[in-house]
Amino acid sequence: MNEVQEGLCFAGSAMVTLFVIGAGNEPLPPETFHLAGRAPDEVHPYVLQEQPPVIASLGLVSYDLTFRDTSLVLSTYTCEALRRLCADGRAVAWAGFEGSFHYDHLLTEDIASSVYGYSASGAEPVVAWDFATLRSAAWRQRIAGIRATLQELLR
């Protein structure tokens with residue numbers, strides 16, 4: 001098991017946490033997340049509360065996807081889940097460690113090392129599966145790029 005995978009298993013089971021802005025405030029059904037030959041054991045969607053008006057008009061939903069089998073390599077799955085979240089219209093999605101979400105720090109440099117994947121409609125998803133990459137200047141630049149995409153979406 002690598003570093004990011006270990007981080008996803010902090011509570012015992014593996015938990016992939018995804019956020020999507022632009023796909024409305026109605027959560028997708030659990031079967032939507034049957035991807036890449038895998039299905040989460042649990043899907044917990046959350047429509048985030050107190051959304052700023054600019055975000056609320058597009059919708060913001062978070063998903064906690066739990067896998068009891070911690071031996072599953074979840075990098076390909078995470079990539080496909082991000083692709084799926086951005087498939088139905090203009091949206092930006094990202095995968096982040098628990099506790100990395102705050103409205104004032106959406107895809108900012110200070111939380112870049114807590115974001116292990118991202119996608120936008122019409123673009124290929126990107127996933128990083130090691131802490132060296134997540135802590136690198138190159139990764140911070142990539143996160144800045146997806147933040148710029150998010151800011152365009154919010155205009």
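The values are calculated or read from the model by the stated rules, or taken from the named source; none is laboratory data. Every value quoted in this text rests on a predicted model; they were computed, and no experiment measured them. Here Cβ is always computed from backbone atoms with ideal geometry, including for glycine, and neighbour counts include all displayed protein chains. Protein only, heavy atoms only, side chains kept; ligands, DNA and RNA dropped before computing areas. Shrake-Rupley method; radii C 1.70, N 1.55, O 1.52, S 1.80 Å.
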_Spread of Cα-to-Cα distances over 5 Å intervals beginning at zero, given as percent, for segment 1-55_ = 4, 14, 22, 21, 18, 13, 7, 1, 0
*Carbon + sulfur, % of accessible area of segment 40-155 - ligands and nucleic acids excluded, 1.4 Å*: 50 percent
*Taking all pairs of distinct Cα atoms, average 1/r, flip it, and tell me the Kirkwood hydrodynamic radius of segment 89-155 in Å to one decimal place.*
11.9 Å
*Determine the order of Glu42, Glu31, Glu50, Glu26 by accessible area, beginning with the largest, at a probe radius of 1.4 Å.*
Glu50, Glu26, Glu31, Glu42
*Sorted by accessible area with a 1.4 angstrom probe, largest first, how do Arg155, Arg83, Arg142 fall?*
Arg155, Arg142, Arg83
*Let me have the relative contact order for the chain, percent, based on Cα pairs under 8 Å that are six or more residues apart.*
26 percent
_Area accessible to solvent at Glu98, 1.4 Å probe radius, in Å²_ = 110 Å²
*Karplus-derived HN-Hα couplings along segment 12-29 (A = 6.51, B = -1.76, C = 1.60, θ = phi - 60°), whole Hz, x at Gly and Pro*: x, 7, 7, 10, 9, 10, 10, 10, 9, 10, x, 9, x, 9, 9, x, 6, x
*At a Förster radius of 25 Å, what calculated FRET efficiency corresponds to the Cβ-Cβ distance of Val47 and Ala137, to the nearest 0.05?*
0.10
*Which FRET efficiency, nearest 0.05, do Leu72 and Asp104 yield, Cβ-Cβ r, R0 30 Å?*
0.35
*asked:* Between Ala148 and Ser57, what's the calculated FRET efficiency when r is the beta-carbon distance and R0 is 25 Å? Round to 0.05.
replied: 0.80
*Which value, in debye to the nearest 20, gives the size of the charge dipole of the chain about its Cα centre, when Lys and Arg are +1 and Asp and Glu are -1 at the Cβ?*
420 debye
_For the chain, what does the helix formula give at 222 nm: sum of -39500 (n - 2.57) over DSSP H segments with n ≥ 4, over the residue count, nearest 500 deg cm²/dmol?_
-7500 deg cm²/dmol
_Signed unit charges on C-beta, dipole axis of segment 28-88, positive-most listed residue Gln51, Phe67, Tyr77_ = Tyr77
*asked:* Just to verify a number: what accessible area does Asp130 come out at with the full protein assembly present, 1.4 Å probe, Å² rounded to tens?
replied: 60 Å²
*Exposure ranking of Leu58, Leu82 by accessible area [1.4 Å probe, largest first]*: Leu58, Leu82
*So what are the three principal axis dimensions of segment 3-104 from its Cα atoms, in whole Å, longest to shortest?*
40, 26, 19
